[in-house]
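Some notes on the structure that comes next.
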Amino acid sequence: MFDYLNPYRIFKINSTLQKIIFFCFILVLSIGLVEALFLSPEDYLQKDSVRIMYVHVPAAWISLGIFSTIALLSFSIFIFKNKNLILISKSLAPSGMLFTLIALVTGSIWGKPTWGTWWAWDARITSMLILFILYVIYLLSFRIFEDKDKSYKISSIIAIFGAINIPIIKFSVDWWSTLHQPASISLIEKSAIHSSMLVPLAIMTAAFALFSVLIFLMKYNTELIKIKNKGLKRL
């Protein structure tokens with residue numbers, strides 16, 4: 001199965017994929033922005049400030065999803081000993097860190113008119129900040145240690161243990177008394193959010209997902225070029 005994960009097999013189709021995904025990203029983002037900024041209604045309490053949700057929530061979802069994927073891949077690294085999985089994980093991390101930062105910044109901007117403060121040491125906010133720090137430490141581990149095998153092991157351990165923070169972020173609003181409201185969207189129950197807001201939220205999430213894939217492909221290509229320059233034929 002790992003023949004299909006051969007980095008040089010993937011490299012051949014990467015450039016074409018980037019063009020297709022970039023086109024899809026621009027198209028979906030344009031539709032999402034029109035829906036979010038003009039067609040969706042304002043909130044009866046928060047008014048137009050609620051529109052920050054269409055950036056904040058998808059960014060948070062994508063950041064959590066990417067770190068969960070990295071943790072799963074890191075666990076697989078110890079089982080299958082395939083270094084290309086490390087390459088994939090490493091290439092996913094920059095977009096995950098970016099979206100975590102976007103979630104923190106937009107959350108702060110949203111918090112000012114809603115809560116009256118830019119920052120509060122709320123359980124959800126604090127756990128998201130920890131996630132951002134985990135992303136930074138994960139990426140730094142590849143630069144700090146000169147021994148590649150050691151850096152691979154340490155980065156994988158960071159991701160695996162860091163995954164403990166994912167359910168904390170998810171259930172923090174249920175476990176503690178926080179400023180955040182409970183989840184408005186559920187896969188098993190009827191969502192509390194109206195379809196007029198749910199649709200643009202879904203479209204913006206799709207746009208952010210496409211953007212994260214685009215960043216991943218660009219980073220992955222960069223890593224492959226580094227390997228090629230070192231004269232390595234295979235990982």
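The values are calculated or read from the model by the stated rules, or taken from the named source; none is laboratory data. All values reported here derive from a predicted model rather than from experimental measurement. Cβ coordinates were reconstructed from backbone atoms using ideal geometry, including for glycine residues, and neighbour counts include every protein chain displayed.
Looking only at residues in region 119-152 that are farther than 30 Å from Asp174 by Cα and touching a residue at least 24 places away in the same chain (Cβ under 8 Å), the one that is nearest to the chain's Cα centre (by Cα) is Leu139.
Give the number of residues within region 32-60 that are within 25 Å of Leu98 (Cβ to Cβ), among the hydroxyl-bearing types (Ser, Thr, Tyr) and out of contact with any Phe, Trp or Tyr (no Cβ under 9 Å at 6 or more places or on another chain). Residues flagged as within 25 Å of Leu98 (Cβ to Cβ), among the hydroxyl-bearing types (Ser, Thr, Tyr) and out of contact with any Phe, Trp or Tyr (no Cβ under 9 Å at 6 or more places or on another chain) within region 32-60 amount to 1. Only one of Thr114, Thr69, Thr106, Thr100 is at pLDDT below 90 and hydroxyl-bearing (Ser, Thr, Tyr). Can you tell me which? Exactly one of Thr114, Thr69, Thr106, Thr100 is at pLDDT below 90 and hydroxyl-bearing (Ser, Thr, Tyr), namely Thr114. When every residue of region 132-151 is checked against the conditions, none turns out to be in a helix (DSSP H, G or I), buried (at least 21 other Cβ atoms within 10 Å of the Cβ), touching a Leu at 6+ places or on another chain (Cβ under 6 Å) and at pLDDT 90 or above. Do the conditions hold for Ser172, that is, is it touching a Ser or Thr at 6+ places or on another chain (Cβ under 6 Å), part of a helix (DSSP H, G or I) and within 20 Å of Pro94 (Cβ to Cβ)? So Ser172 fails the test. Scanning region 159-176 for residues that are more than 17 Å from the chain's Cα centre (by Cα) and either surrounded by 14 or more Cβ atoms within 10 Å (Cβ to Cβ) or aromatic (Phe, Trp, Tyr) (or both) yields a count of 6. If you go through region 1-47 and pick out every residue that is buried (at least 16 other Cβ atoms within 10 Å of the Cβ), at pLDDT below 70 and either of a type outside the set (A, V, I, L, M, F, W, C) or assigned to a loop (DSSP other than H, G, I, E, B) (or both), you end up with 1.
Restricting attention to region 113-131 and to residues that are on the phi < 0 side of the Ramachandran plot and assigned to a loop (DSSP other than H, G, I, E, B), the residue that is surrounded by the most Cβ atoms within 10 Å (Cβ to Cβ) turns out to be Asp122.
Any residue in region 90-112 that is part of a helix (DSSP H, G or I) and touching an Asp or Glu at 6+ places or on another chain (Cβ under 8 Å)? There is at least one residue in region 90-112 that is part of a helix (DSSP H, G or I) and touching an Asp or Glu at 6+ places or on another chain (Cβ under 8 Å).
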